[in-house]
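Undergrad: Let me begin by handing over the structure; questions about it come next.
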Amino acid sequence: MKILLRALLVLALLPARMVFAEADDSYAQALIARAEALGLADFAQWHALVHYRSNLMSPGVTGQADDPAFYLAPNGKHDPHAELAATLRAFFTPAAEDAQDSQDHPQCRFVARYDWLSRTLDFDSKRLPVQFCARFHAWRDALQASELTLVFPSAYINNPSSMFGHTLLRVDGAGQDERTRLLAYAINYAVDPGSDGQVSFIVKSLTGFYPGEFSIAPYYFKVKEYSDLENRDLWEYRLNFTPEEIDRLLMHAWELAFTHFDYYFFDENCAYHLLSLFEVARPGLELSNQFRGWVIPVDTVRAVVAQPGLLKEVVYRPASNTRLRERIAALNADEQARLRRLSAGESPDAVLTAEVPLARQALLLETAYALLRHETARGQYEAKVAALRSRELLLARSRLPQEFAESASSDAGDGESSSAIDDWTLTTPAVRPDQGHPTRRIALGGGRDGGENFFSLVLRPAYNDVLDPPGGYAEGAQINFLDIGLRYNTESDHARLEYVALIDVLSLTPRNDFFKPISWRLGTGFVRRLTDDSTQALVWRNQAGAGLAWGSWDSVLGYGMLQGVADVSHHLDHGYAVGAGAQLGLYLRPLPAWKAHLYVRTLDYVPGDHQRERELGLEQSVSFGVRNALRLTLSERREAGTRATLVMLAWHGYF
């Protein structure tokens, strides 16, 4: 009897359920028809939400997300109309009866899509029930977002993944100030290389083998990673977004947390995908379309700053190493000598005698403690030794009046940081990263080389060399990528490829009594080389070097570097040549816009093709703003038993 009653009940309810399903389907079809009539699938906002981008070589678009679950239509990656229709249908999916939260429901999975379509098409909640997305609301409410800040950690040349810089987005909570913004959260797009080494990372990131993912973490984690561990200055660009725009951005960030994009180092990288968040937040912003095939993080910062009214304020947060270097530079010769004694482990009571004012004692003790932490982090001291010295310094500091303590604003790194100790003040760089020269460069020039007149054309997609216009880039950090030089010789009426620098990286960091970095150089590419038969052959050259530098980039910096070179070409004896040598040089800056580089180089090839090279050169560059410069190159070189003199004048344009 019970089975019969249940069967009758099911039969009684079946028509009602069928009618309800038909009614839902009719409303879904009506919404799809209205969306088609309004042309919503062609709206910029829909394309931003689904990350469509126009194809370069064929009509149509392609969605850049590479997780199939991001598209609800089988062909949604290429068909905005089909994806919009499938999205609307998905919103009608019945909620699971035993679910406490509708987290997996399409309305909660794609909250930004639902919000925009609901507002645009004015959904009827009686015919399309609204799902409650508990976890999304809890996440958004916990952020208490009131502002957005684009953060640019400066380039870190010792890590391939960050050699051009990085960008992330900080979500500032209500009521936070410069001292408490470390407690905010940061939205970051990156890859996890796992245990892959640097070579493996470079290959995989260039070819899209890593899945790039969005994540959110406390901002102080990122500050510790970039500022404290990698010694990268942070620039924080506070932006003008309305509460509604911030809400849209967070909804889309929630959607992206469940998907991934194939990561490409030079294209779909950290900086590029952050731009898509801004485009969703403020419909009409066209940021990502400015970048095709080549995205440098600092260029995306420039694109954001260039938007009228979008930038509110810029805050400079110097790295721990930057603060420490400036502190030491502010000490006089006697104080630096005392600091050396403290850092060597001498007792504070013996070093800080009565003639040292209390304020300067406090500064010396705090600087010595910061220096000890810096040296310990680099493995110069064992943990037990560092702990004992730290305790001794802190005890000595605790015996001095508290009025000489460093102000809290110094740790905040707000661009106006200062210490209550005497008059030590942290300076903010005069030129922000977004105000430096553009990363692309073209050079047009001419001159005479080895008795022949020539004209030259050089194209460089990225990034910066040490003779480029000053400001906005780390001093001594050079990265030339895909630098291509062409030359036309007038006497022989012959044009040729002169060189291709696939990558040319130089790190020149001066040493002193407290910091002892190693300068280095690494590069690979194709160059012209004089062979024994007096022909200029194109060879594949790999070079590496290491050395030391002293002085200051503001006046004179000298360096010495040992280097090794390996050339490969069928024009060489045995098909290769391996050489070793040295280079000595001086970088001078007679005026802020005038840079000069005087150098002498020697190189002896022994295995393979036997040859000796000697070169003496002088390069000078005079900048006219950040977009133009004139560069004069003079050199005298000997190779393969011949002597050649080069004189070249070139105009460099940055764009």
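Undergrad: Any idea which residue in segment 311-338 is nearest to Leu229 (Cα to Cα), counting only those that are over 33 Å from the mean Cα position of the chain (by Cα) and among the small types (Gly, Ala, Ser)?
TA: Ala337
Undergrad: Please go through segment 204-221 and give me each residue that is within 19 Å of Ile157 (Cβ to Cβ), of a type outside the set (Gly, Ala, Ser) and either more than 16 Å from the chain's Cα centre (by Cα) or buried (at least 21 other Cβ atoms within 10 Å of the Cβ) (or both), ordered by number.
TA: none
Undergrad: Turning to a different aspect of this structure: For segment 47-66, which positions are closer than 21 Å to Leu277 by Cβ and in contact with a strand residue (DSSP E or B) (Cβ under 8 Å, 6 or more places away or on another chain)? Before you say what the answer is, go through the steps one by one.
TA: Filtering segment 47-66 down to residues closer than 21 Å to Leu277 by Cβ leaves 47-54, 61-66.
Those that are closer than 21 Å to Leu277 by Cβ and in contact with a strand residue (DSSP E or B) (Cβ under 8 Å, 6 or more places away or on another chain): His47, Val50, His51, Tyr52, Arg53, Ser54, Val61, Thr62, Gly63, Gln64, Ala65, Asp66.
Undergrad: So Gly471 fits all but one of (1) assigned to a loop (DSSP other than H, G, I, E, B); (2) over 23 Å from Pro153 (Cα atoms); what number is the exception?
TA: Unmet for Gly471, out of (1) assigned to a loop (DSSP other than H, G, I, E, B); (2) over 23 Å from Pro153 (Cα atoms): (2).
Undergrad: Would you call Glu613 surrounded by fewer than 16 Cβ atoms within 10 Å (Cβ to Cβ), acidic (Asp, Glu) and either farther than 19 Å from Gln478 by Cβ or in contact (Cβ under 8 Å) with a residue 40 or more places away in the chain (or both)? I'd like the intermediate steps shown before the answer.
TA: Working: surrounded by fewer than 16 Cβ atoms within 10 Å (Cβ to Cβ): no; acidic (Asp, Glu): yes; either farther than 19 Å from Gln478 by Cβ or in contact (Cβ under 8 Å) with a residue 40 or more places away in the chain (or both): yes.
For Glu613, the condition - surrounded by fewer than 16 Cβ atoms within 10 Å (Cβ to Cβ), acidic (Asp, Glu) and either farther than 19 Å from Gln478 by Cβ or in contact (Cβ under 8 Å) with a residue 40 or more places away in the chain (or both) - is not met.
Undergrad: For segment 589-601, give me each residue that is surrounded by fewer than 17 Cβ atoms within 10 Å (Cβ to Cβ) and assigned to a strand (DSSP E or B). I'd like the intermediate steps shown before the answer.
TA: Of all residues in segment 589-601, those surrounded by fewer than 17 Cβ atoms within 10 Å (Cβ to Cβ) come to 589-594, 598, 600.
Selection gives Arg589, Pro590, Leu591, Trp594, Leu598, Val600.
Undergrad: Then there's this: Cβ-Cβ distance below 6 Å, separation of 6 or more or different chains: which pairs start in segment 628-655 with a residue that is assigned by TED's automatic domain parsing to the domain that holds Arg614 and end on one that is aliphatic (A, V, I, L, M) and modelled with pLDDT under 95?
TA: Arg637/Ala644; Glu639/Leu530; Ala640/Leu530
Undergrad: Cβ contacts < 7 Å: first residue closer than 20 Å to Leu150 by Cβ, restricted to segment 312-324; second residue of a type in the set (A, V, I, L, M) and at pLDDT below 90, any location; separation 6+ or different chain. Result?
TA: Pro318/Leu426
Undergrad: Could I ask something else about it? Is it true that some residue in segment 575-588 is in a strand (DSSP E or B) and in contact (Cβ under 8 Å) with a residue 40 or more places away in the chain? Break it down into steps so the answer makes sense when it comes.
TA: Step one: list which residues in segment 575-588 are in a strand (DSSP E or B), which gives 576-588.
Now drop any that are not in contact (Cβ under 8 Å) with a residue 40 or more places away in the chain, which leaves 587.
Yes, segment 575-588 contains a residue that is in a strand (DSSP E or B) and in contact (Cβ under 8 Å) with a residue 40 or more places away in the chain.
Undergrad: May I ask you to list pairs of residues, at least six apart or on different chains, whose Cβ atoms are under 6 Å apart, with the first in segment 220-233 being assigned by TED's automatic domain parsing to the domain that holds Ala155 and the second being crowded, with 22+ Cβ neighbours inside 10 Å and in a helix (DSSP H, G or I)?
TA: Sorted first by the residue in segment 220-233, then by its partner, the pairs are Arg232/Tyr226.
Undergrad: Out of everything in segment 508-525 that is in a loop (DSSP other than H, G, I, E, B) and either β-branched (Val, Ile, Thr) or not assigned by TED's automatic domain parsing to the domain that holds Val466 (or both), what residue ends up being nearest to the chain's Cα centre (by Cα)? Steps first, answer last, please.
TA: Going residue by residue through segment 508-525, those that are in a loop (DSSP other than H, G, I, E, B) are 508-510, 512-518.
Cutting the leftovers down to either β-branched (Val, Ile, Thr) or not assigned by TED's automatic domain parsing to the domain that holds Val466 (or both) gives us 509, 518.
Details: Thr509: 20, Ile518: 23 Å.
Going through the qualifying residues, I end up with Thr509.
Undergrad: Now a separate question. Only one residue in Ala174, Ala186 is in contact with a Leu (Cβ under 7 Å, 6 or more places away or on another chain) and without any contact (Cβ under 8 Å) to a residue 60 or more places away in the chain, so which one is that? Walk me through how you get there before you give the answer.
TA: Working: Ala174 fails: in contact with a Leu (Cβ under 7 Å, 6 or more places away or on another chain).
Only one candidate qualifies: Ala186.
Undergrad: What about Arg232, is it of a type in the set (D, E, K, R) and touching a Ser or Thr at 6+ places or on another chain (Cβ under 7 Å)? Quick ask: steps written out before the conclusion?
TA: Values: of a type in the set (D, E, K, R): yes; touching a Ser or Thr at 6+ places or on another chain (Cβ under 7 Å): yes.
Against the criterion (of a type in the set (D, E, K, R) and touching a Ser or Thr at 6+ places or on another chain (Cβ under 7 Å)), Arg232 qualifies.
Undergrad: Still on this structure: For segment 550-557, indicate whether the set of residues that are within 15 Å of Leu530 (Cβ to Cβ) and touching an Asp or Glu at 6+ places or on another chain (Cβ under 7 Å) is non-empty.
TA: So the first thing to find is which residues in segment 550-557 are within 15 Å of Leu530 (Cβ to Cβ), and the list is none.
Looking through segment 550-557, none of the residues is within 15 Å of Leu530 (Cβ to Cβ) and touching an Asp or Glu at 6+ places or on another chain (Cβ under 7 Å).
Undergrad: Kindly evaluate Leu239 against the criterion of being in the same structural domain as Asn158 (by TED's automatic domain parsing), in contact (Cβ under 8 Å) with a residue 24 or more places away in the chain and under 26 Å from Arg179 (Cα atoms). Quick ask: steps written out before the conclusion?
TA: On the way: in the same structural domain as Asn158 (by TED's automatic domain parsing): yes; in contact (Cβ under 8 Å) with a residue 24 or more places away in the chain: yes; under 26 Å from Arg179 (Cα atoms): yes.
Taking the combined requirement at face value, the residue satisfies it.
Undergrad: All but one of (1) farther than 28 Å from Arg127 by Cα; (2) modelled with pLDDT of 95 or more hold for Leu4, so report the exception by its number.
TA: Here Leu4 clears every test but (2).
Undergrad: Tell me the helices (runs of 4 or more DSSP H) entirely within segment 31-136 that contain at least 2 residues that are over 23 Å from Phe214 (Cβ atoms). Before you say what the answer is, go through the steps one by one.
TA: Details: elements: 44-50, 80-90, 106-109, 111-121.
Per the criteria, 80-90, 111-121.
Undergrad: Turning to a different aspect of this structure: Return the pairs, sorted by first residue and then second, in which the second residue is surrounded by 10 or more Cβ atoms within 10 Å (Cβ to Cβ) and of a type in the set (Gly, Ala, Ser), the first residue lies in segment 56-67 and is in the same structural domain as Phe258 (by TED's automatic domain parsing), the beta carbons are less than 6 Å apart, and the residues are 6+ apart or on different chains.
TA: none
Undergrad: Here are some conditions: (1) in contact with a helix residue (DSSP H, G or I) (Cβ under 8 Å, 6 or more places away or on another chain); (2) at pLDDT below 95; (3) crowded, with 21+ Cβ neighbours inside 10 Å. Arg248 meets all but one. Which one does it not meet?
TA: With respect to (1) in contact with a helix residue (DSSP H, G or I) (Cβ under 8 Å, 6 or more places away or on another chain); (2) at pLDDT below 95; (3) crowded, with 21+ Cβ neighbours inside 10 Å, Arg248 is out only on (2).
Undergrad: Touching a Pro at 6+ places or on another chain (Cβ under 8 Å) and either at pLDDT below 95 or among the acidic types (Asp, Glu) (or both), is that true of Ser154? Quick ask: steps written out before the conclusion?
TA: Values: touching a Pro at 6+ places or on another chain (Cβ under 8 Å): yes; either at pLDDT below 95 or among the acidic types (Asp, Glu) (or both): yes.
Taking the combined requirement at face value, the residue satisfies it.
Undergrad: Mind listing just one residue for me: the one in segment 499-558 that is more than 25 Å from Leu339 (Cβ to Cβ), polar (S, T, N, Q) and without any contact (Cβ under 8 Å) to a residue 60 or more places away in the chain and, of those, surrounded by the fewest Cβ atoms within 10 Å (Cβ to Cβ)?
TA: Here the answer is Thr535.
Undergrad: Given the criteria within 27 Å of Tyr264 (Cα to Cα), assigned by TED's automatic domain parsing to the domain that holds Leu121, surrounded by 17 or more Cβ atoms within 10 Å (Cβ to Cβ) and under 36 Å from the mean Cα position of the chain (by Cα), does His78 qualify? Even if it seems obvious, please write down each step before you answer.
TA: Values: within 27 Å of Tyr264 (Cα to Cα): yes; assigned by TED's automatic domain parsing to the domain that holds Leu121: yes; surrounded by 17 or more Cβ atoms within 10 Å (Cβ to Cβ): no; under 36 Å from the mean Cα position of the chain (by Cα): yes.
Here the answer is no, as His78 does not meet what is asked.
Undergrad: Checking the structure you have, find out if any residue of segment 354-373 is assigned to a helix (DSSP H, G or I) and either without any contact (Cβ under 8 Å) to a residue 12 or more places away in the chain or within 30 Å of Thr439 (Cα to Cα) (or both). Full working, then the answer.
TA: At the first step, the residues of segment 354-373 found to be assigned to a helix (DSSP H, G or I) are 358-373.
From what is left, the residues that are either without any contact (Cβ under 8 Å) to a residue 12 or more places away in the chain or within 30 Å of Thr439 (Cα to Cα) (or both) are none.
The answer is no, given that none of the residues of segment 354-373 is assigned to a helix (DSSP H, G or I) and either without any contact (Cβ under 8 Å) to a residue 12 or more places away in the chain or within 30 Å of Thr439 (Cα to Cα) (or both).
The values are calculated or read from the model by the stated rules, or taken from the named source; none is laboratory data. What you are looking at is a predicted structure, and each value in this text was computed from that prediction instead of being measured. Cβ sites come from the backbone with ideal geometry, for glycine too, and all protein chains shown count toward neighbours.
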